[in-house]
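Engineer: The structure is given below, and queries will be raised subsequently.
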DNA sequence: ACCCTTGCTGACCGGCAGGTCATTAATATA
DNA sequence: TATATTAATGACCTGCCGGTCAGCAAGGGT
């Protein structure tokens, strides 16, 4: 009747390990995180971790892939099957999304991408295809819809849809670096930005 | 008459070493750069490096301090002793600055700050005091001047001067990560951004 | 109850990189 | 030229950490 020293749970292990890794990377960054530390957090031996992930780098990539895709897909799904006007979409779901990111655990990922990305070109490639280019495409879709509706005029935003997401990156980075020195009201920040952009691209109705 | 194996150049060494470190960090990032590699680039032995910098971390901080301050001071100096209008300043020297950063070696520093910053709180503190808060203050000055002139109305930008610099961070990050996949015309990007902002805050003269 | 498969453990290894220090050689001084 | 000073070297040490592997034990099959 001895208490078993462990249980076999092949199914759950990978997710538990990536979760633990996410938390660890968030606190210490990639290079400074020891694989054993990740294992310990996951309640697992280092050896087991290496059964599921070939290398530390492999683990890192898995972390990114796991956390990013679901979030973005949710947002994009929102665009297609909603009947909001373009402005309503930007002030509604998009703004919500933008406000959420800097506060969510996902913000850590952004920092990790910036920090470690250049060392993992294939990861960047994946991220580009599955996240960034998709996201930009979605924004273009919204803008085009706005133009078709007569809400928006054509503007530089058509060439630089990135302008819409730039403050997301900014407030995320700001929060992780400078919050102790000066808080940034990320919600107000995002709202103001959207205001400015919309003010510039909206067709004057008067 | 044997050729000397080295020369004593106490004065120049530190700068040469930080230059070398800057280049090395730029290529490989902080953690992946070996101290010996830095020494080699500087044409110096590892031992000597440790005469001038107590630790690797120390070296890192010196690199940041060396490269950042001069640049920013130059820009800020520009504000005070120019008689440009606020708009002229934003479309002139400020825009030039913003266009330059993502192309200059300084862009590496931004990545390094994002990547390594959280592990060096005292460095962040220094950066906050000597770079960021100074810069924000300068922007506020320009905005206030604009308001006094009757060029600008008061706007959310007074509360969030960061909106002006956010695309600098963005285009820098974009360039280092995604350039191989999709080039970003950083000049056009910055110009469009300034256009949008000015369009929103300018007092209507009609 | 007995295998037999396989999820899981943890002691171990090898190499690497940050940091030290005894020694050397270039200059300053006289 | 002789001596003192110190910039500079590079071999060396040490601890750490990614990665391995021989073996153990959980739990399914019969």
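Here, each number is a calculation from the coordinates, and none is a lab measurement. Fair warning: this is a prediction, and the values are worked out from it, not measured in the lab. When we count neighbours, we look across all protein chains shown, and the Cβ atoms used for this are built from the backbone with ideal geometry, even at glycine.
Engineer: Counting helices only, and only those DSSP H runs with n ≥ 4, report the 222 nm mean residue ellipticity of chain A as the sum of -39,500 (n - 2.57) divided by its residues, in deg cm²/dmol to the nearest 500.
Structural biologist: Per the formula, -20500 deg cm²/dmol.
Engineer: Subtracting the Cα-Cα distance from 0.36 nm times the residue separation, let me have the gained length for residue A:184 to residue A:153 in nm, one decimal.
Structural biologist: Working: separation 31, 0.36 × 31 = 11.16 nm, distance 3.15 nm.
Length gained, residue A:184 through residue A:153: 8.0 nm.
Engineer: GNM, chain A, Cα, under 10 Å: largest mean-square fluctuation among A:73, A:12, A:185?
Structural biologist: A:12
Engineer: Something else now. Output the relative contact order of region B:83-206, whole-number percent, from Cα pairs under 8 angstrom with separation of 6+ residues.
Structural biologist: Values: 72 pairs, mean separation 48.9, N = 124.
Relative contact order comes out at 39 percent.
Engineer: Shielding by partners for B:111-118, please: the mean number of other protein chain Cβ atoms within 10 Å of each residue's Cβ.
Structural biologist: Numbers: counts 4, 2, 3, 11, 10, 4, 7, 9.
Going residue by residue through B:111-118 and averaging, the value is 6.
Engineer: While we're looking at this one, here's another question. Tilt of helix A:106-116 relative to the longest C-alpha principal axis of chain A, in degrees (0 to 90, nearest 10)?
Structural biologist: 80 degrees
Engineer: Give me the percent relative contact order of region B:101-172, please, defined on Cα pairs under 8 angstrom at least 6 residues apart.
Structural biologist: Working: 24 pairs, mean separation 32.7, N = 72.
For region B:101-172, the relative contact order is 45 percent.
Engineer: Still on this model: Could you tell me how many degrees, from 0 to 90 and to the nearest 10, lie between the Cα long axis of helix B:186-201 and the main elongation axis, the longest principal axis, of the Cα atoms of chain B?
Structural biologist: 40 degrees
Engineer: Compute the acute angle (0 to 90°) between the alpha-carbon long axis of helix A:13-28 and the principal axis of greatest extent of the alpha-carbon atoms of chain A; round to the nearest 10°.
Structural biologist: Orientation of helix A:13-28: about 70 degrees from the principal axis.
Engineer: Moving on. When you look at the Cβ of every residue in A:126-136, what mean number of other chain Cβ atoms sits within 10 Å? Mind dumping the intermediate values first?
Structural biologist: Working: counts 0, 3, 5, 1, 0, 0, 5, 3, 0, 0, 1.
Partner Cβ neighbours, averaged per residue: 2.
Engineer: Tell me the distances, shortest first, between residue A:46 and the same position across the other copies, using label points 7 Å along Cα→Cβ, in nm to one decimal.
Structural biologist: Label-point separations across copies, in nm and ascending: 2.3.
Engineer: While we're on this one: Gap in Å between the Cα centre of region B:132-188 and the Cα centre of region A:95-157?
Structural biologist: For region A:95-157 versus region B:132-188, the Cα centre distance is 19 Å.
Engineer: Also, I was wondering about something else. For region B:1-36 and region B:43-62, what is the centre-to-centre distance using only Cα atoms, to the nearest Å?
Structural biologist: With region B:1-36 and region B:43-62 each reduced to a Cα centre, they are spaced 8 Å.
Engineer: Hey, got the average number of other protein chain Cβ atoms within 10 angstrom for residues in B:161-169?
Structural biologist: Values: counts 0, 10, 8, 0, 1, 11, 7, 2, 8.
Other-chain Cβ atoms within 10 Å of each residue's Cβ, averaged: 5.
Engineer: Contact order normalised by length for region B:10-53, with contacts defined as Cα pairs under 8 Å and 6 or more residues apart; what percent is it?
Structural biologist: Numbers: 23 pairs, mean separation 16.8, N = 44.
Over region B:10-53, the number comes to 38 percent.
Engineer: I'm a student and want to see the number: the projected area of the Cα convex hull of chain A, averaged over all directions, in nm².
Structural biologist: Details: hull surface 60.8 nm².
Result: 15.2 nm².
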